[in-house]
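The values are calculated or read from the model by the stated rules, or taken from the named source; none is laboratory data. Not measured: the values here are computed from a predicted model. Cβ placement follows ideal geometry from the backbone for every residue including glycine, while neighbour counts extend to all protein chains displayed.
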Amino acid sequence: MKIRSNQILNSAVPMDISIEKINLEDRRYTVSLDSDSFDQNSDLTASVASYGILNRVRLIDSGDSYVPIAGLRRLFAAERLGIGTVPALVYNDGLSDADAMRIALADNFPAREYTAIEASGVVSRLIYDFGVGEEEVVGEFFDLLHLPHSSKIVSDLLSVAALSDEIKGLCHARRYPLKPIVRWCGFDEGEGDGLLTLVSAAPFGSGIVTELLGSVADIVKRDGIAVDEILEDTVIKSILADEGVPSGVRGERIRERIRGIRYPIHSGLNKRFDDAVGRLGLPKGAEISHHPHFEADYLDLKFRFKDGRDLKRLGDFLNTASESEEIEDLLDMV
Amino acid sequence: MYGFENIYVEEGAREFPLTERILNRLGSEAVVVSDFRDIPVAEEGKKSLVLAVHRGRVVKNCPGTAGHVCCGYHVINQVLGCDVDCTYCILNCYINAPGVVVNVNLGDTFVELNGVLDGKRKYIYRVGTGELTDSFYLDRLTGLAAGFVRYFADKKNVLFELKTKKTDIDGVLDLDHRGKTIISWSLNADPVAGSEEANAATIRERLEAAGRAQKQGYYIGFHFDPMVHHKGWEAGYDKTARAIFDFVDPKRILWISLGTFRSPPRLFEIIRRRHPKSRIVTGESFPGDDGKLRYIKPLRVEMYRSLLNSLKKYGGDDLFVYLCMERKDVWEKVYGNASETPRNSGDLDRMFHENLKRKWSVDGES
């Protein structure tokens with residue numbers, strides 16, 4: 001018979017357990033996706049070497065071995081130090097998977113936040129592997145995961161959990177929140193993976209990834225094309241192939257190009273505007289600017305001057321330029 | 001009928017004739033509540049009907065927008081909710097509404113209207129019921145369309161508009177409307193109507209219905225709003241513009257409005273979530289001074305010019321075609337001619353008035 005939740009804490013027995021009997025490869029209740037680095041935590045190893053394990057690890061007695069619920073990093077540190085036995089709180093085999101996960105999350109609760117990918121893994125396991133209902137997940141686990149109570153977030157997390165390991169790996173490594181990752185879920189499997197090339201090419205922040213993926217999705221929908229066709233764009237290809245530029249610059253170029261495809265009129269107007277201003281040959285200290293989206297029906301002229309000669313230079317310029325083709329072109333844009 | 005899961009009646013709404021009429025026609029049991037704001041929001045995909053008593057004003061100025069030219073139209077919000085389920089509808093933003101709301105105290109609306117219509121007015125008063133609903137939605141239950149047509153039939157200096165995407169207009173066809181009611185259809189390019197206006201009649205069906213209304217002496221209006229940018233938009237809108245005059249005499253058309261797709265940003269997010277296949281959010285939109293997202297200005301101008309040219313080509317230069325909620329400089333770019341460009345919102349109201357004075361002749365008025 002499975003033990004009821006409210007009896008969990010009282011059911012554990014404090015024991016010293018031989019580390020050899022603990023199955024460190026059993027990760028069914030592991031929350032962290034950084035488990036490869038469990039045995040490389042030098043600060044924790046040094047602490048365990050000096051003071052031992054202060055907080056008992058939590059295990060399930062499964063008969064011939066013990067399954068770790070919480071404390072995997074401590075266990076790896078102990079193993080690395082050659083410590084034979086560790087202090088543990090041991091639950092019997094009747095503990096339900098959901099309660100084991102609850103203990104794992106509670107153990108981590110004060111210490112860390114989870115990435116959206118980690119949270120999606122937990123929620124997916126609770127619902128699909130452990131048979132917990134969605135309402136129960138929201139009501140009883142979301143606080144432990146630092147998530148707001150929302151059934152929409154459940155469905156978003158389940159969608160995210162279904163993404164490929166490569167996408168999840170990148171999103172986890174970059175600590176992206178849920179919003180940009182959910183954008184990824186709008187693509188078919190192959191298309192989503194194709195976008196990895198684009199997103200991996202620069203250290204994009206989450207806001208820019210949200211924008212990029214949203215723009216690509218809109219282009220695909222609007223033009224009825226595949227993601228690959230966007231990735232085959234010659235400009236995009238040349239940006240991705242140019243390894244000589246710093247990744248930040250490459251990222252900005254990718255962003256500009258995707259914006260250009262997503263907003264061709266706006267992009268064309270910007271270019272036309274810059275060309276016209278360039279041809280105009282403004283005097284030093286003068287700038288002409290437009291409303292960010294060309295919505296206003298005027299342009300701004302800004303002029304910095306120090307003396308009367310500067311002003312005269314501007315006056316002379318305005319006299320000759322006011323009826324020029326360039327000014328006419330600029331005004332035609334607003 | 002109409003697929004309502006639940007019917008709620010506000011306690012204060014029980015005694016109104018409209019409540020009795022609706023409940024009799026539905027033949028369903030209703031739940032009485034003390035205040036309709038206590039009614040739980042229906043689950044996604046389920047609908048409730050709420051019979052309520054409106055307490056504030058139900059006749060309002062059409063919500064204009066800052067810095068844009070508005071025509072001075074007025075709206076009667078007797079019903080809030082619709083079944084056409086257009087992707088772009090502002091009603092999508094009202095996700096916390098408990099359901100479709102019918103304000104049953106119709107007599108109070110008429111009192112309110114009497115007050116407005118008895119006052120002094122410079123221009124012909126234009127008012128309609130199609131702002132937050134389709135004017136013929138629930139009409140078999142409520143009979144509101146006919147009620148308003150009868151009410152306005154003997155009023156002076158006022159033109160009442162029924163605005164719809166439906167064809168079931170039989171409830172008003174045989175009424176003695178005396179020319180005081182105009183029936184208007186929202187139109188679009190066929191592909192947009194097919195993809196974004198799920199439960200609306202086809203464009204051809206709407207135009208056929210307009211032809212039937214015209215035969216019964218009704219004046220006709222059309223609204224190309226929202227015009228949606230899509231592949232082949234120019235030909236699509238031209239086709240609809242041309243089709244109008246296969247069914248309706250341009251002399252009986254009192255106005256045609258044009259408005260490109262615009263919406264508050266939150267509606268974009270709602271559309272993406274509720275209608276993931278809709279392409280309407282993929283246009284080149286940016287926030288304007290009022291915070292609403294609109295197509296970039298040169299695109300709007302191009303779309304307006306194109307459709308305006310089509311309408312005038314097929315329907316003649318005398319058609320009164322106006323822009324809904326647009327900037328003055330966009331008007332100037334589209335029309336060029338100063339006499340066709342209003343100086344401000346009040347001036348557009350005047351232009352309506354003068355247009356109506358020329359084209360609109362009604363029983364009992366000179």
Discussion item. Report every pair of residues separated by at least 6 positions or lying on different chains whose Cβ atoms are under 9 Å apart, first residue within the stretch B:327-338 and under 14 Å from B:Glu302 (Cα atoms) and within 14 Å of chain A (Cβ to nearest Cβ), second among the small types (Gly, Ala, Ser) and surrounded by fewer than 18 Cβ atoms within 10 Å (Cβ to Cβ).
Written reply: B:Asp329/A:Ala296; B:Glu332/B:Ala338
Worksheet item: Only one of these conditions is not met by B:Asp190: (1) touching a residue at least 40 places away in the same chain (Cβ under 8 Å); (2) in contact with a strand residue (DSSP E or B) (Cβ under 8 Å, 6 or more places away or on another chain). Which number is it?
Response: (2)
Practice prompt. Kindly indicate whether A:Val220 is in a helix (DSSP H, G or I), more than 14 Å from chain B (Cβ to nearest Cβ) and either closer than 19 Å to B:Glu269 by Cβ or modelled with pLDDT of 95 or more (or both).
Written response: no
Response to the item:
Those residues of the stretch A:167-204 that are assigned to a helix (DSSP H, G or I) and either within 13 Å of the chain's Cα centre (by Cα) or not charged (D, E, K, R) (or both) come to a total of 23
Discussion item. The conditions are (1) among the polar types (S, T, N, Q); (2) closer than 24 Å to A:Asp156 by Cβ; (3) within 14 Å of chain B (Cβ to nearest Cβ); (4) surrounded by fewer than 18 Cβ atoms within 10 Å (Cβ to Cβ), and A:Ser267 fails exactly one of them. Which is it?
Written reply: (2)
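Scan the helices (runs of 4 or more DSSP H) fully inside the stretch B:104-220 and keep the ones with 1 or more residues being of a type in the set (Lys, Arg) and within 30 Å of B:Leu348 (Cβ to Cβ).
Hits in the stretch B:104-220: B:144-153, B:203-215.
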Item to complete: Determine which single condition A:Gly251 fails, assuming it passes every other condition in (1) within 14 Å of chain B (Cβ to nearest Cβ); (2) under 21 Å from the mean Cα position of the chain (by Cα).
Response: (1)
Worksheet item: Which one is surrounded by the fewest Cβ atoms within 10 Å (Cβ to Cβ) among residues in the stretch B:264-276 that are in a helix (DSSP H, G or I) and within 11 Å of another protein chain (Cβ to nearest Cβ)?
Response: B:Arg273
Item to complete: Go through (1) within 14 Å of chain A (Cβ to nearest Cβ); (2) surrounded by 21 or more Cβ atoms within 10 Å (Cβ to Cβ); (3) touching a Ser or Thr at 6+ places or on another chain (Cβ under 6 Å) and name the single condition B:Gly221 misses.
Response: (1)
Item to complete: Output yes when any residue across the stretch A:230-240 is over 34 Å from the mean Cα position of the chain (by Cα), modelled with pLDDT under 95, more than 14 Å from chain B (Cβ to nearest Cβ) and buried (at least 17 other Cβ atoms within 10 Å of the Cβ), and no when none is.
Response: no
Discussion item. Can you name every one of the strands (runs of 3 or more DSSP E) wholly within the stretch B:277-366 that holds 1 or more residues which are surrounded by 14 or more Cβ atoms within 10 Å (Cβ to Cβ) and touching a Gly at 6+ places or on another chain (Cβ under 8 Å)?
Written reply: B:293-295, B:321-323
Item to complete: Among what's in the stretch B:277-288 and is more than 8 Å from chain A (Cβ to nearest Cβ) and of a type in the set (S, T, N, Q), pick the residue that is nearest to B:Trp331 (Cα to Cα).
Response: B:Ser285
Discussion item. Based on this model, can you work out whether B:Gly3 counts as of a type in the set (Gly, Ala, Ser) and surrounded by 13 or more Cβ atoms within 10 Å (Cβ to Cβ)?
Written reply: no
Worksheet item: Would a scan of the stretch B:239-247 turn up a residue that is of a type outside the set (D, E, K, R), surrounded by fewer than 20 Cβ atoms within 10 Å (Cβ to Cβ), under 19 Å from B:Ser306 (Cβ atoms) and within 14 Å of chain A (Cβ to nearest Cβ)?
Response: no
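Here is a yes/no grid of residues against (1) part of a loop (DSSP other than H, G, I, E, B); (2) surrounded by 15 or more Cβ atoms within 10 Å (Cβ to Cβ):
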position: B:Gly12; (1), (2): no, yes
position: B:Thr19; (1), (2): no, yes
position: B:Val32; (1), (2): no, no
position: B:Pro40; (1), (2): yes, no
position: B:Val50; (1), (2): no, yes
position: B:Gly56; (1), (2): yes, no
Discussion item. I'd like the residue in the stretch B:1-52 that is among the basic types (Lys, Arg) and over 22 Å from B:Thr109 (Cβ atoms) and, out of all such residues, is modelled with the lowest pLDDT.
Written reply: B:Lys46
Item to complete: Determine whether B:Glu234 is within 13 Å of chain A (Cβ to nearest Cβ), surrounded by fewer than 19 Cβ atoms within 10 Å (Cβ to Cβ) and not in a loop (DSSP other than H, G, I, E, B).
Response: no
Fill in: Of all residues in the stretch A:295-326 being within 28 Å of B:Arg300 (Cβ to Cβ) and touching a residue at least 40 places away in the same chain (Cβ under 8 Å), the one that is surrounded by the fewest Cβ atoms within 10 Å (Cβ to Cβ)
A:Ser324
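If a residue must be within 14 Å of chain A (Cβ to nearest Cβ) and either aliphatic (A, V, I, L, M) or touching a residue at least 12 places away in the same chain (Cβ under 8 Å) (or both), how many such residues does the stretch B:289-326 contain?
15
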Worksheet item: Do you know which of the residues in the stretch B:25-39 that are of a type outside the set (D, E, K, R) and within 28 Å of the chain's Cα centre (by Cα) is nearest to B:Gly143 (Cα to Cα)?
Response: B:Leu26
Worksheet item: Conditions: (1) more than 14 Å from chain B (Cβ to nearest Cβ); (2) closer than 30 Å to A:Gly190 by Cα; (3) of a type outside the set (Val, Ile, Thr). A:Ser324 meets all but one. Number of the miss?
Response: (2)
Fill in: Exclusive hit being over 30 Å from A:Val182 (Cβ atoms) and of a type in the set (D, E, K, R), set A:Asp107, A:Asp64
A:Asp64
Practice prompt. Could you figure out which of (1) farther than 30 Å from B:Arg327 by Cβ; (2) in a loop (DSSP other than H, G, I, E, B) isn't true of B:Pro63?
Written response: (1)
Discussion item. Would you confirm, using the coordinates I've provided, whether A:Pro148 is closer than 29 Å to B:Lys277 by Cβ, under 15 Å from the mean Cα position of the chain (by Cα) and at pLDDT below 95?
Written reply: no
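Can you work out which of the residues in the stretch A:284-312 that are within 14 Å of chain B (Cβ to nearest Cβ) and among the charged types (D, E, K, R) is farthest from B:Glu332 (Cα to Cα)?
The initial filter retains those residues of the stretch A:284-312 that are within 14 Å of chain B (Cβ to nearest Cβ), namely A:290-299.
Next cut, among the charged types (D, E, K, R) only: A:295, A:297.
On the way: A:Glu295: 14, A:Asp297: 11 Å.
It comes out as A:Glu295.
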Fill in: Flag if A:Ala276 is more than 36 Å from the chain's Cα centre (by Cα), modelled with pLDDT of 95 or more and away from every other protein chain (no Cβ under 14 Å)
yes
